[in-house]
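Have a look at the structure below before the remarks.
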């Protein structure tokens with residue numbers, strides 16, 4: 001039923017393949033898909049790739065992700081507005097790009113920071129501490145923190161890039177994924193990670209600033225990689241699905 005996919009934007013290929021199976025009726029409404037782990041093995045891709053594909057399909061209305069239960073086929077008629085553009089970046093792809101750029105930004109910021117920059121970060125952290133239960137405000141303040149760090153370097157092009165890469169988190173696909181895993185405690189953890197970045201920059205320690213930013217982005221990826229809670233044992237997977245995976 002499934003076949004291994006070749007490298008392109010992999011999550012788009014996975015979503016296309018699963019969408020085609022649904023539209024052809026090979027995956028019937030109400031049927032439960034194998035868990036992410038099983039789908040990743042069947043398709044020969046990583047679990048983050050499967051997760052990005054499932055989020056696209058849920059936004060389009062083809063599947064329903066039920067935390068602690070599973071992923072179910074729903075089938076809705078899609079419109080062209082539901083389909084992401086071909087060059088749309090997935091959440092994990094974006095995090096990888098941020099790791100390359102923002103770690104270097106934090107390192108350089110630690111060399112250039114002045115007291116007024118530290119004050120801006122402190123004010124941001126104070127505001128975020130009061131906004132942990134308001135996702136939209138916390139998200140905006142999270143963006144502001146990273147732009148403040150970038151702003152220390154005083155490069156308008158870099159600042160615009162950092163702002164735009166954070167704005168990409170406002171799409172329906174990012175919002176849907178975040179809706180499962182972002183909460184008061186995850187925002188509190190992110191805030192404390194920001195504090196570690198602030199402390200390293202304030203100390204003028206480029207190595208520590210790079211490491212703190214990397215740790216923050218690694219933790220961000222881990223938070224978005226938590227299980228949907230639908231991991232079955234092999235015995236609960238229908239025989240047809242096991243055959244599809246070559247088992």
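The values are calculated or read from the model by the stated rules, or taken from the named source; none is laboratory data. Worth saying up front: this structure is predicted, and the values here are computed from it rather than measured. Don't worry about glycine lacking a Cβ; one is built from the backbone with ideal geometry, like all the others, and counts go over all protein chains shown.
Given the condition surrounded by 20 or more Cβ atoms within 10 Å (Cβ to Cβ) and within 30 Å of residue 61 (Cβ to Cβ), answer yes or no: does some residue in the range 114-134 qualify?
Looking for residues that are surrounded by 20 or more Cβ atoms within 10 Å (Cβ to Cβ) and within 30 Å of residue 61 (Cβ to Cβ), one finds none in the range 114-134, hence no.
Pairs needed: first member in the range 18-34, farther than 12 Å from residue 74 by Cα; second member anywhere, at pLDDT below 85 and assigned to a loop (DSSP other than H, G, I, E, B); C-beta distance under 7 Å; at least 6 residues apart or different chains.
21/1; 21/27; 26/1; 34/237
Restricting attention to helices (runs of 4 or more DSSP H) lying wholly within the range 183-247, give those where 1 or more residues are out of contact with any helix residue (DSSP H, G or I) (no Cβ under 9 Å at 6 or more places or on another chain), closer than 16 Å to residue 143 by Cα and modelled with pLDDT of 95 or more.
Answer list for the range 183-247: 184-202.
What number of residues in the range 152-188 are under 24 Å from residue 12 (Cα atoms) and either without any contact (Cβ under 8 Å) to a residue 40 or more places away in the chain or assigned by TED's automatic domain parsing to the domain that holds residue 58 (or both)?
Summing the residues that are under 24 Å from residue 12 (Cα atoms) and either without any contact (Cβ under 8 Å) to a residue 40 or more places away in the chain or assigned by TED's automatic domain parsing to the domain that holds residue 58 (or both) in the range 152-188 gives 6.
Does residue 95 satisfy being closer than 19 Å to residue 215 by Cβ, within 22 Å of the chain's Cα centre (by Cα) and either part of a helix (DSSP H, G or I) or assigned by TED's automatic domain parsing to the domain that holds residue 178 (or both)? Write out each step before concluding.
On the way: closer than 19 Å to residue 215 by Cβ: yes; within 22 Å of the chain's Cα centre (by Cα): yes; either part of a helix (DSSP H, G or I) or assigned by TED's automatic domain parsing to the domain that holds residue 178 (or both): yes.
Yes; evaluated as a whole, the condition is true for this residue.
Taking residue 145 as the residue in question, decide whether it is within 18 Å of residue 221 (Cβ to Cβ), touching a helix residue (DSSP H, G or I) at 6+ places or on another chain (Cβ under 8 Å) and at pLDDT 95 or above.
yes
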